[in-house]
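K.L.:
Input: one structure, supplied below.
The values are calculated or read from the model by the stated rules, or taken from the named source; none is laboratory data. Quick caveat: nothing in here was measured; it's all calculated off a predicted structure. When we count neighbours, we look across all protein chains shown, and the Cβ atoms used for this are built from the backbone with ideal geometry, even at glycine. Ligands, DNA and RNA are excluded from the accessible area calculation, which covers all protein heavy atoms including side chains. Shrake-Rupley method; radii C 1.70, N 1.55, O 1.52, S 1.80 Å.
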Amino acid sequence: MARLGLAYDLRLPGLTPEQRARQYRTCLEQVEWADRVGIGQVALREHHGSDDGYLPSPLVLGGAVAARTSSLTIHLQALVVTLHDPVRLAEDLAVLDLISGGRLVVTVGAGYDPNEHAMFGRSFDQRPADVERAFTTLRKAWTGEKFELDGRPVRVTPQPYQDPGPALLLGGASAAAARRAARIADGFLPVRDRFYAAYRSAVVELGQPDPGPLAKAGPLFVYVAEDPDRAWQEIGPYCLHESNAYAALARASGLRTGFTAYPDIDALRSSGQYPIYTPDELVALCRQWGDESRVTIPPLAGGMPPELSWRSLELIADRVVPRITARPSPPASFRTSSPTGVIA
């Protein structure tokens, strides 16, 4: 059956610090719940300087998730490495991997918001080179051996739980990113599926095993309700905020992310981007999508109140999960191409 996973960015427009803290507590309660009921993965996202408080520190939240769970895979998706010091990032990721007992997977992103790079004093145009430098540094650092970086001695300890370290995927939205992933990453997560073919071809050209076709992805948003029409009136404003906020980021960067600004919740619902299913509908679709498909459940999307998110999750636990048995494979399964000899 399809693989169910949660996702959080914890954007909360216009809320007080107390309300924001409640949302963070709810997130941790929900991942603990997911760990118990058999949902196998949580994705934590990253942006900076957003008006709505979009999660800026997935590493810190990942540590809290690791401490509250025992089997849930923690997927940083995506970690904007161009905004991080690679040596300190190697340390933080190693500690998070140890806390989680090797349940960490990292999708590396170059970032697409010029304002974020300006905020951290980073060159937006230098992102491809910075991504490659990050991959090289992380992998050298996780050996535990001394090496030089920009003429200075570096040694990172302790080493991660996983050997040789957490799986490092590359996210991207271009054929160039796909080819880069084939050279340096353990896998590729394209923004649009059509770029995966370039990745697959590049892996084979490098003499590595064919990673096979891209796993079928279900929708990036799923909400479950007995009465979808009524539920849409309740959650629609939060979905509208999320879609329009992502659309604004896309306009600022010139990147086509698939998000569009909509004037109202009716127009957004007509787009089909935010589907609401009955429990039986979701089970039927999961069976149709197949064992390797991924279904994303963002319970607190757009700042959705905890009580609305729990309604959906409880239906999923009671009426969907018992009929969906597949869980995400362990992190090692993400290693679809070998980095040996690429980053030295």
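K.L.:
Work out how much length ASN115 to SER270 would gain on full extension: take 0.36 nm times their residue separation and subtract the Cα-Cα distance, in nm to one decimal.
P.N.:
52.6 nm
K.L.:
Shifting gears a bit: With each pseudo-label sitting 7 Å past Cα toward Cβ, what's the ARG251-GLU132 distance in nm, one decimal?
P.N.:
3.5 nm
K.L.:
For region 19-88, what does the alpha-carbon gyration tensor say about shape, rounded, prolate or oblate, given a ≥ b ≥ c as the root eigenvalues, a/c under 1.5 as rounded, and a/b over b/c as prolate?
P.N.:
Oblate shape, in that a/c is at least 1.5 and b/c is the bigger or equal ratio.
K.L.:
Quote the FRET efficiency, to the nearest 0.05, computed for LYS216 versus ARG323 with a Förster distance R0 of 25 Å and r equal to the Cβ-Cβ distance.
P.N.:
0.85
K.L.:
Scanning the chain for GluC sites (Glu not before Pro) in DSSP loops with at most 12 other Cβ atoms within 10 Å, what's the longest stretch left with none? Don't jump to the answer; show the numbers that get you there.
P.N.:
On the way: sites that count: GLU145, GLU226.
Here the longest segment lacking exposed loop sites spans 1-144.
K.L.:
Taking the chain as a Gaussian network, Cα atoms linked when under 10 Å apart, which of LEU93, LEU72, LEU249 shows the biggest mean-square fluctuation?
P.N.:
The residue that fluctuates most here is LEU249.
K.L.:
Something else now. Got a number for carbon plus sulfur as a percent of region 211-260's accessible area, 1.4 Å probe?
P.N.:
Roughly 54 percent of what the probe reaches on region 211-260 is carbon or sulfur.
K.L.:
Name the residue farthest towards the positive end of the dipole of region 1-45 from the options LEU10, GLY38, LEU28, assuming +1 on Cβ of Lys and Arg, -1 on Cβ of Asp and Glu, about the Cα centre.
P.N.:
So the residue furthest toward the plus end is LEU10.
K.L.:
When the Cα centres of region 250-297 and region 102-168 are compared, how far apart do they sit, in Å?
P.N.:
32 Å
K.L.:
Taking the chain as the reference, fit the longest principal axis to its C-alpha atoms, fit the long axis of helix 306-315 to the helix C-alpha atoms, and give the angle between the two in degrees, 0 to 90, nearest 10.
P.N.:
Result, in degrees: 90.
K.L.:
How many Å² of accessible area per residue for the chain, probe 1.4 Å?
P.N.:
Computed with neighbouring chains in place, this is 44 Å² per residue.
K.L.:
Under 17 Å from a point placed 7 Å out from the Cα of ALA284 along the Cα-to-Cβ direction: which residues of region 225-242 have their backbone N that close?
P.N.:
In region 225-242, the label zone of ALA284 (backbone N under 17 Å from the point 7 Å along Cα→Cβ) covers 225-229.
K.L.:
Here's something else I'd like to know. Take the Cβ-Cβ distance between ARG88 and LEU28 as r, set R0 to 25 Å, and report the resulting FRET efficiency rounded to the nearest 0.05.
P.N.:
My answer for the efficiency is 0.55.
K.L.:
Now for a separate question. Looking at the chain only, what percent of DSSP beta bridges run antiparallel? Nearest 5 please.
P.N.:
Of all bridge pairs located within the chain, approximately 10 percent are antiparallel.
K.L.:
Roughly how many nanometres apart are two label points built 7 Å out from the Cα toward the Cβ at ASP163 and ARG230?
P.N.:
Here the answer is 5.7 nm between the modelled labels.
K.L.:
Could you work out how far helix 127-141 tilts from the main Cα principal axis of the chain, as a 0 to 90 degree angle to the nearest 10?
P.N.:
70 degrees
K.L.:
In the Gaussian network model of the chain, springs joining C-alpha atoms below 10 Å, which of VAL154, VAL65, VAL222 carries the largest mean-square fluctuation?
P.N.:
Residue with maximal mean-square fluctuation among VAL154, VAL65, VAL222: VAL154.
K.L.:
Once the convex hull of the alpha carbons of the chain is built, what does its volume come to per residue, in cubic angstrom?
P.N.:
Numbers: hull volume 45.0 nm³, N = 344.
Once divided by residue count, the hull of the chain is 131 Å³.
K.L.:
May I pose another question? Helix 17-37 against the longest principal axis of the chain: what's the angle in degrees, Cα atoms only, rounded to the nearest 10?
P.N.:
So the helix axis and the longest Cα principal axis differ by about 90 degrees.
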